[in-house]
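The numbers here are math on the coordinates, done by the rules we state, and not lab data. All figures in this text were calculated on a predicted structure; none of them were measured in a lab. Methodologically, a virtual Cβ is constructed for each residue, glycine included, from the backbone with ideal geometry; neighbour enumeration extends over all protein chains shown.
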Ligand SMILES: [Zn+2]
Ligand SMILES: [Zn+2]
């Protein structure tokens with residue numbers, strides 16, 4: 001440990017106004033920071049950290065794995081044969097429109113430990129209230145400007161029809177972790193048998 005340098009006002013040398021690191025001279029917020037400035041920062045495992053790290057990369061990786069395992073343990077397993085929807089492949093960070101497509105990719109790459117999350121689908125839905133509010137803002141109407149309830153409802157009735165017809169043109173997928181999709185062993189058996197016959 002190196003003692004910090006006390007910085008004083010020349011006019012009042014009794015009063016310490018700041019501290020600097022005793023080794024490199026950098027001025028710090030307080031005495032404690034100055035003492036620690038050039039001391040190596042340590043991870044809880046004892047590894048030396050660089051200035052930008054709060055945790056070493058080995059501990060970070062360990063924590064990431066433990067967090068993922070906890071997420072998997074908390075999820076209810078469902079068979080791929082009982083699930084019809086898009087999936088997110090955790091390790092590859094890729095989305096597939098259904099489990100069949102995911103399996104084709106995984107089988108090609110020989111990935112047998114894939115973690116697959118089911119995804120909720122979200123379609124585009126236009127909302128009268130939002131559209132009117134955006135228009136009032138972008139057209140810079142006065143602060144109290146608003147459309148009547150009747151006017152808003154008329155627009156929403158129109159939009160409901162539009163949403164039904166066109167909403168599914170825009171689709172986004174959001175993985176959820178309450179369930180985890182499992183590839184049945186039979187799929188792999190069939191795949192392996194197919195390969196042997198090639
Ligand atoms: Zn220093
Ligand atoms: Zn560590």
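Taking a ≥ b ≥ c as the square roots of the eigenvalues of the alpha carbon gyration tensor, the range 1-150 is oblate, as a/c is not under 1.5 and a/b does not beat b/c.
Using only Cα atoms, find the angle between the long axis of helix 128-138 and the longest principal axis of the chain, and express it within 0 to 90 degrees, rounded to the nearest 10. Helix 128-138 sits roughly 50 degrees off the main axis of the chain.
Sorting 17, 72 by the number of Cβ atoms found within 10 Å of their own Cβ, with the fewest placed first, yields 17, 72.
Listed highest first by mean packing, meaning other Cβ atoms within 10 Å per residue, what order do 179-187, 44-52 come in? Walk me through the numbers before you get to the answer.
Values: 179-187: 16.1, 44-52: 9.2.
Descending packing order for the listed peptides: 179-187, 44-52.
For the chain, modelled as a GNM with alpha-carbon contacts under 10 angstrom, which of 118, 40, 175 fluctuates the most? Evaluated over the chain, the most mobile residue of the options is 40. Across the chain, C-alpha contacts under 8 Å between residues 6 or more apart give a mean separation that, scaled by the residue count, equals a relative contact order of 18 percent.
I want to verify a result. In a Gaussian network model of the chain, Cα cutoff 10 Å, which of these has the top mean-square fluctuation: 107, 66, 20? Of 107, 66, 20, the most mobile in the Gaussian network model is 20.
The residues 95, 123, when put in order of fewest to most other Cβ atoms within 10 Å, stand as 123, 95. Helical content of the chain, expressed as a calculated mean residue ellipticity at 222 nm, amounts to -12500 deg cm²/dmol (DSSP H runs of 4 or more residues, -39,500 (n - 2.57) each, divided by residue number, nearest 500). When 129, 59 are sorted by how many other C-beta atoms sit within 10 angstrom of their C-beta, beginning with the fewest, the order is 129, 59.
Considering only 178, 67, 157, the Gaussian network model of the chain with Cα springs below 10 Å gives its largest mean-square fluctuation to 157.
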